[in-house]
Amino acid sequence: MFNEYMSRINDIPGLTLSRKGRNLEFGFEHDDDPKIATKQISLAQKQLRLMKKELVTEIKQVRARYRDQIEGATYQPGLGGTLLGSKYRSSMKSAGAARKRALAAERDKELSPYEQMKDAVTEIIDRLSILRDKITLSSE
């Protein structure tokens, strides 16, 4: 998933993203003409914002999928729970809580690459804004 989005980012004209260890390095080659350079940056930002929307949608889908499972993991005492006693209810509550924690950890592990890529895309968009501002200031 992470590599798929990195290749999509590298397909954006002028934009390069490389991974060095845990860090991502970003570069943007633009035209010398300030007007054309700002247009290139705006186009790249539009494509990145669209990619970010896709990431947010995927994150919401993962959260929704786990939401139902986590809600179903809690213990709801029925007739059997009242007949079997408080020790049974207590053990079932703690088992339900442990299952809930395990599902939440599994969800967070699955969401981690999406969150990292979303943060990287946000950072690139911000850096492009700064670059655009520098170009417009230097052209004046």
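The residues packed around T57, meaning those with a beta-carbon under 12 Å from its beta-carbon, carry a net charge of +3 if Lys and Arg are +1 and Asp and Glu are -1. Net charge of the neighbourhood of L17, taken over other residues with C-beta under 15 Å away and scored Lys/Arg +1, Asp/Glu -1, is 0. Would you mind classifying region 1-45 by shape? Square roots of the alpha carbon gyration tensor eigenvalues, ordered a ≥ b ≥ c; an a/c under 1.5 is rounded, otherwise it is prolate if a/b is larger than b/c and oblate if not. In terms of gyration-tensor shape, prolate.
Bear in mind that the values in this text are calculations on the coordinates, not laboratory data. Just so it is clear, the model here is predicted, and its values are computed rather than measured. Backbone-built Cβ (ideal geometry, glycine too); neighbour counts: all protein chains shown.
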